[in-house]
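**Student:** One structure, pasted below without further comment.
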């Protein structure tokens, strides 16, 4: 088995622990180098990954490293990705790709020009329930779709997940509440996942708006929000995302003239007038759903290792989601409908 040598540029994202465990479970990936502007944090994760801490320039210059995972603060993405693309190394960039449309599309342009393998962390795409919904939408099983909803909420602010932990770099995520570094609060952090699914299912967006809220005022950023979406197809969509929820049972809803679907407590209920098999009375069995795909990060590791034709997120797809989310925040600020800058 051949081994692919990678590096990490930034290790501050809350998902770094999960990525580390994925790599530790594989024999085909070697992490050689780690860089982070916080030397204590860099040293901790380098030890976990069996890697060496280096300065940023040395990471990009290393000839053994063929791919780089970017798990830095969002406001560092553009500068880091620019250097990675110049070095012609494959790249994984944690979501969201950019602070907004300008830096996100600049990254997409650089990645496409470099011709490298790209991926971002939209792992919900691989869920068998989402794949099934995509199939049914494409088949026209819902008839004329009139309204849709996505929700992605947890209790992060209620539980103090992002509280400052200066002596615990393994669990220090406070930067994610600082919009100067993250670009977004809870609505953008969690909402980008459901937004990705809604756009994947229903196409491009005409205009958006949103209302943001703050359940605890623990962090000074938005902790919850509700968005409205007008898709170019005419479909009306709503998007919920929050760090203030004790539970989030209803994840997705699709209503149309011929069908209906809801994902409730991780079960998919589906009905369509086009067949007698799906009447919505019982959740679909796992055997009725497509096989779940590996996590988005695992797919990237497979791709840089040589596997072909994997369903990776395209750079401009990731940039488009940043642009739409930026428009939602603008809509919340101005209390108007806003067209994404694309």
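Just so it is clear, none of the values below were taken in a lab; they were calculated from the coordinates. What you see is a predicted model, and the numbers here were worked out from it, not measured in a lab. Every residue, glycine among them, receives a Cβ derived from its backbone with ideal geometry; neighbour counts consider all protein chains shown.
**Student:** On a full-extension model of 0.36 nm per residue, what is the gain between residue 28 and residue 295, subtracting their alpha-carbon distance, rounded to one decimal in nm? It would help to have the intermediate numbers written out before the result.
**Tutor:** Values: separation 267, 0.36 × 267 = 96.12 nm, distance 1.63 nm.
Full extension of this stretch gives 94.5 nm more.
**Student:** Hey, what angle do you get for helix 101-114 against the long axis of the chain, alpha-carbon based, 0 to 90 degrees rounded to 10?
**Tutor:** 60
**Student:** Which of rounded, prolate, oblate describes the chain, given a ≥ b ≥ c as roots of the alpha-carbon gyration tensor eigenvalues and a/c under 1.5 marking rounded, otherwise prolate only if a/b is larger than b/c? Can you show the working numbers first?
**Tutor:** Details: a/c = 1.74, a/b = 1.43, b/c = 1.22.
Note, shape of the chain comes out prolate.
**Student:** What shape does the range 282-342 take by its C-alpha gyration tensor, where a ≥ b ≥ c are the square roots of the eigenvalues and a/c under 1.5 counts as rounded, a/b above b/c as prolate, and the rest as oblate? Display every interim value, and only then the final one.
**Tutor:** Values: a/c = 4.02, a/b = 1.60, b/c = 2.52.
Oblate, because a/c is 1.5 or more while a/b does not exceed b/c.
**Student:** May I pose another question? Counting only C-alpha contacts under 8 Å and six or more residues apart, can you give the relative contact order of the chain as a whole percent?
**Tutor:** Values: 749 pairs, mean separation 68.4, N = 342.
Here the relative contact order equals 20 percent.
**Student:** Then there's this: Using only Cα atoms, tell me the angle between helix 128-139 and the longest principal axis of the chain; keep it within 0 to 90° and round to the nearest 10.
**Tutor:** 50
**Student:** Using helices alone, I'd like the mean residue ellipticity at 222 nm for the chain: each DSSP H run of four-plus residues gives -39500 (n - 2.57), total over residue count, nearest 500.
**Tutor:** Details: 10 runs with 112 residues, N = 342.
That calculation yields -10000 deg cm²/dmol at 222 nm.
**Student:** Follow-up. Classify the range 90-182 as rounded, prolate or oblate, taking a ≥ b ≥ c as the square roots of the eigenvalues of its Cα gyration tensor: rounded when a/c is under 1.5, otherwise prolate if a/b is larger than b/c and oblate if not. Mind dumping the intermediate values first?
**Tutor:** Values: a/c = 2.34, a/b = 1.34, b/c = 1.74.
It comes out oblate by the Cα gyration axes.
**Student:** Something else: Could you check the spin-label model distance between residue 158 and residue 247? Points 7 Å from the Cα along Cα→Cβ, value in nm.
**Tutor:** That separation, rounded to one decimal, is 1.0 nm.
**Student:** While we're looking at this one, here's another question. Which ordering of 177, 334, 209 is given by a fewest-first count of other beta-carbon atoms within 10 Å? Intermediate values should be presented prior to the final figure.
**Tutor:** Values: 177 25, 334 10, 209 19.
Fewest-to-most Cβ neighbours within 10 Å comes out as 334, 209, 177.
**Student:** Please work out how much length the chain gains when fully extended from residue 82 to residue 258, using 0.36 nm per residue of separation minus the C-alpha to C-alpha distance, in nm with one decimal.
**Tutor:** Full-extension gain reported as 58.7 nm.
**Student:** Which part of the range 201-227 falls in the paramagnetic zone of residue 335, meaning amide N under 20 Å from the point 7 Å along Cα-to-beta-carbon?
**Tutor:** Under cut-off, by backbone N: 208-215, 222-227.
**Student:** Still on this structure, please answer the following. Report Rg/Rh for the range 201-309, rounded to two decimals, where Rg is the Cα radius of gyration and Rh the Kirkwood radius. Can you show the working numbers first?
**Tutor:** Values: Rg = 18.3 Å, Rh = 17.4 Å.
That ratio is 1.05, to two decimals.
**Student:** With a cut-off of 8 Å between alpha carbons and a minimum separation of six or more residues, what is the relative contact order of the range 221-342 in percent? Don't skip to the end; give the middle numbers.
**Tutor:** Details: 117 pairs, mean separation 13.0, N = 122.
Relative CO of the range 221-342 lands at 11 percent.
**Student:** Calculate the FRET efficiency for residue 285 and residue 206 from the Cβ-Cβ distance with a Förster distance of 41 Å, rounded to the nearest 0.05. Before the final figure, lay out the partial values.
**Tutor:** Values: r = 37 Å, r/R0 = 0.90.
The formula returns an efficiency of 0.65 here.
**Student:** Evaluate E = 1/(1 + (r/R0)^6) for residue 55 and residue 181, where r is the Cβ-Cβ distance and R0 equals 22 Å; express this FRET efficiency to the nearest 0.05. Intermediate results must be reported in sequence, preceding the final value.
**Tutor:** Working: r = 21 Å, r/R0 = 0.95.
Computed FRET efficiency for residue 55 and residue 181: 0.60.
**Student:** I've got another one for you. Against the longest principal axis of the chain, how steep is helix 315-334, in degrees 0 to 90 to the nearest 10, with axes from Cα atoms?
**Tutor:** That helix lies at roughly 70 degrees to the long axis.
**Student:** In whole percent, what relative contact order does the range 4-120 give with Cα contacts below 8 Å and a gap of six or more residues? Present the calculation step by step, with values, prior to reporting the outcome.
**Tutor:** Numbers: 202 pairs, mean separation 30.7, N = 117.
In percent, rounded to a whole number, it is 26.
**Student:** Gain in length, residue 146 to residue 165, computed as 0.36 nm per residue apart minus the alpha-carbon separation, to one decimal in nm?
**Tutor:** Here the answer is 2.3 nm.
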